[in-house]
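Report on one structure; see the data block that follows.
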Amino acid sequence: MIEDPVLLNDWHPLAKSTDLDEASILPARLLNEDLVLWRIDGEVHVWQDLCVHRGTRLSLGSIDEEGRLVCAYHGWTYNSEGECVRFPAHPEQKPPGKAKVKTYRCEEKWGLIWACVGDGAREIPEFEEWSDPSFRKVACGPYRYRASGTRAVENFLDVAHLPFLHAGMLGDRSHAEIEDYDVEVKEEGIVARNVKIWQPDPDGTGVGKNVTYTYKVLRPLTMYLAKDTEQGRFSIFSTVCPASEFESIAWFWLAMNYGHDVPEVDLRSFQDKITNQDIPVVESQRPERLPLDLQAELHLRSDRIAVAYRRWLRSMGLTFGTA
Ligand code: FES
Ligand SMILES: [Fe+2]
């Protein structure tokens, strides 16, 4: 287990709820630990992916007719509390209390399965548009980065790359200037308002214009952005699972209160295209650990969100994937 109390005690996304059907099993990885997710009677269980007999992965197992998880190797059978209730080789023998798998807390929220391997005093971060029916929601991802989760999040918060890396889609090289914007840092997160950028077609009308973004850092690996145009609001709730120090998986929810006739597949493929432009750049960044010492790299006024993010991570003592 890693030594980073901030991430250990936080909630992390592991899968979309719809990826785990009733009576099915999924492997996952969080903070260097292999986990097994399984669902029975609608309830999700998140355990260490390790049978206490010979250390076989439980995610190779199956679910029996009584709704218990059965190890693939010798059939040790676990109830939903993680207690072994049956040794098939010795059916008359009652398993001892210590024949128990390590279980973790989990919750389903915003269409995702979240787990916490520590105390998790905090709540799962808010996604304002979720319960507002005027917003349609589209799930994107998972997107895999061979990079630190903090590098991936900093990329979501970076506005000055839009005219370059996403030229023709989210910006234009001849309109690359970034005006000053406001950043507010609080203990519970960061908000950047009035972030303006010129985009070639920000709202699907085909007309290029300035748009205004609001960015929020909700947790070290969860952020939110909203883009306001005359058509309405387009927002993204984005959360990253730190599978290991340099292996991260992101899920996005797009929410928009206009363009209800735009096919979901088009919205998703646009987002896939953007993220697939970002991933190789993020994976190329060195050092692999995000430098929290502001002297380590050069910063411009347009990098104010990233500077605030690095300071904020440093103030809370986050160490996994940072330097
Ligand atoms: S290793 Fe799981 S039952 Fe033997
Ligand atoms: Fe990007």
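The values are calculated or read from the model by the stated rules, or taken from the named source; none is laboratory data. These numbers were taken from a predicted model, which means no experiment stands behind them. Glycine gets a Cβ as well: all are built from the backbone with ideal geometry, and neighbour counts include every protein chain shown.
Some observations on this one:
- Flag for SER235 being surrounded by 20 or more Cβ atoms within 10 Å (Cβ to Cβ) and under 26 Å from TRP130 (Cβ atoms): yes
- GLU92 outside the structural domain of VAL138 (by TED's automatic domain parsing), within 26 Å of CYS241 (Cα to Cα) and away from ligand 2 (no atom under 16 Å from the Cβ): no
- Enumeration of residues in the stretch 279-323 that are surrounded by 12 or more Cβ atoms within 10 Å (Cβ to Cβ), in a loop (DSSP other than H, G, I, E, B) and in contact (Cβ under 8 Å) with a residue 12 or more places away in the chain: GLN285, PRO287, GLU288, ARG289, PRO291, LEU292, LEU318, THR319, PHE320, GLY321, ALA323
- If you check LEU157, LEU225, LEU221, LEU165 for being aliphatic (A, V, I, L, M) and in contact with a Gly (Cβ under 7 Å, 6 or more places away or on another chain), only one passes: LEU221.
- Number of the condition not met by VAL153 [criteria: (1) away from ligand 2 (no atom under 16 Å from the Cβ); (2) within 24 Å of ARG29 (Cβ to Cβ); (3) β-branched (Val, Ile, Thr)]: (1)
- Search result, residues across the stretch 189-204 that are among the polar types (S, T, N, Q) and crowded, with 16+ Cβ neighbours inside 10 Å: GLN199
- Residues located in the stretch 121-150, provided they are within 20 Å of GLU188 (Cα to Cα) and modelled with pLDDT of 95 or more: ILE124, PRO125, GLU126, PHE127, GLU129, GLY149, THR150
- Condition broken by GLU179, with the remaining ones in (1) away from ligand 2 (no atom under 15 Å from the Cβ); (2) over 28 Å from CYS241 (Cα atoms); (3) touching a residue at least 24 places away in the same chain (Cβ under 8 Å) satisfied: (3)
- Filter pass, ALA250 being out of contact with any Gly (no Cβ under 9 Å at 6 or more places or on another chain), surrounded by 14 or more Cβ atoms within 10 Å (Cβ to Cβ) and either modelled with pLDDT under 95 or part of a strand (DSSP E or B) (or both): no
- For the stretch 64-94, filtered to residues that are out of contact with any Cys (no Cβ under 8 Å at 6 or more places or on another chain), outside any loop (DSSP other than H, G, I, E, B) and not acidic (Asp, Glu), the residue that is nearest to ASP41 (Cα to Cα) is LEU69.
- Any hit, the stretch 205-212, residues being surrounded by 15 or more Cβ atoms within 10 Å (Cβ to Cβ), free of Cβ contacts under 8 Å to residues at least 24 places away in the same chain and of a type in the set (Ser, Thr, Tyr): yes
- Screening the stretch 162-188 for residues that are in contact with a strand residue (DSSP E or B) (Cβ under 8 Å, 6 or more places away or on another chain) and within 21 Å of PRO280 (Cβ to Cβ) and picking the one that is surrounded by the most Cβ atoms within 10 Å (Cβ to Cβ) gives GLY171.
- Checked against the criterion of being at pLDDT below 95 and within 24 Å of the chain's Cα centre (by Cα), the stretch 170-179 contains not a single residue that satisfies it.
- Residue count for the stretch 247-278, restricted to those that are in contact (Cβ under 8 Å) with a residue 40 or more places away in the chain and either more than 13 Å from ligand 2 (Cβ to nearest atom) or over 13 Å from CYS140 (Cβ atoms) (or both): 17
- Strands (runs of 3 or more DSSP E) wholly inside the stretch 95-191 containing at least 1 residues that are polar (S, T, N, Q): 103-109
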